[in-house]
Amino acid sequence: EDKVVQSPLSLVVHEGDTVTLNCSYEVTNFRSLLWYKQEKKAPTFLFMLTSSGIEKKSGRLSSILDKKELFSILNITATQTGDSAIYLCAVVRNYGQNFVFGPGTRLSVLP
Amino acid sequence: EAQVTQNPRYLITVTGKKLTVTCSQNMNHEYMSWYRQDPGLGLRQIYYSMNVEVTDKGDVPEGYKVSRKEKRNFPLILESPSPNQTSLYFCASGTDGVEYEQYFGPGTRLTVT
C-alpha cells in the first residue's frame with residue numbers, strides 16, 4: 001500500500017529558529033513530490049520536486065528530494081510567527097493527478 | 001479572479017439523506033479532484049478527473065460518486081451519507097505536465113448525524 005510519512009507530526013519553536021521537516025514515501029509509479037502550507041483554510045502550494053538533489057528555494061524556505069532514499073526535507077530558516085501552519089507533503093503517482101498525502105507536520109512558532 | 005468555489009461551505013445533515021457538494025473552477029483546468037481531510041490522516045483523495053467524462057477512483061471512493069459533464073464543474077455526490085463521512089472536504093483543480101500545482105477550494109465542512 002502506498003504511503004507518505006511525515007515527521008515530526010508536531011513541532012514548537014521560537015521565532016528565529018531553523019526547522020527541518022521530513023517526508024518519506026513508499027509509492028508505486030512515483031512522478032513528483034509536492035509541499036503545501038495549510039493555515040486555517042485550504043492548502044497553498046510551496047514546491048514541486050521531481051529530480052533528486054536539486055534544491056528549490058523561495059525566500060526562507062527550501063526543499064530537496066532524494067529519490068534513492070525516498071525522502072524529502074523542507075527547511076525553514078529564521079522562522080516567523082506567520083510560518084505557523086500545517087505543512088503537507090504529497091506524492092503524485094501514476095498518471096494525471098493521482099495524489100497521496102502525508103498526515104502533515106503542525107508547526108507552531110512562538111514569539 | 002482565478003478561483004475554485006465550493007458550495008455549501010457548511011452542511012449538517014442526517015444519515016441517508018442524499019446530498020451534493022458543488023465545485024466549480026474558472027481556470028480552464030483539465031484536472032479536478034475531491035479530498036477529505038480528517039485529523040491525523042491528512043488529505044485523502046476520493047476521486048479525480050482528468051477531463052470531461054473521465055474520472056478515476058482515489059484512495060477512499062466508497063460512499064461517494066462524482067460526475068464531470070462540463071470542464072469547469074465537478075460535483076461530489078453522497079447518495080446515502082453516514083456519520084463516518086463527517087469530514088472537511090476540499091475540491092481542487094490543476095494542470096498536468098511540468099507542474100502539478102493544484103488550486104484548492106475553500107472547503108466544505110460536512111456533519112452527518
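Only the coordinates and a few stated rules stand behind these numbers; no lab work does. Model, not experiment: these values are computed from the prediction. Quick reminder, even Gly has a Cβ in these numbers, built from the backbone with ideal geometry, and neighbours come from all protein chains shown.
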Legend entry - Sorted largest first, extent of chain A alpha carbons per principal axis (Å): 42, 27, 20
Inset, instruction - State the dimensionless ratio Rg/Rh of chain B (Rg: radius of gyration of Cα atoms; Rh: Kirkwood radius). - result: 0.95
Inset, instruction - Show which lysines lie in cross-link reach of residue B:18 when reach means a straight Cα distance below 16 angstrom and same-chain residues fewer than eight apart are skipped. - result: B:65
Inset, instruction - Give me the orientation-averaged projected area of the Cα convex hull of the protein assembly as shown, in nm², one decimal. - result: 12.3 nm²
Legend entry - Principal axis box of region A:9-53, alpha-carbon based, largest edge first, Å: 38, 25, 18
Legend entry - Number of partner chain Cβ atoms within 10 Å, mean per residue of B:35-42: 4
Inset, instruction - Could you give the size of the charge dipole of the protein assembly as shown about its Cα centre, using +1 on the Cβ of each K and R and -1 on the Cβ of each D and E, expressed in debye and rounded to the nearest 20? - result: 520 debye
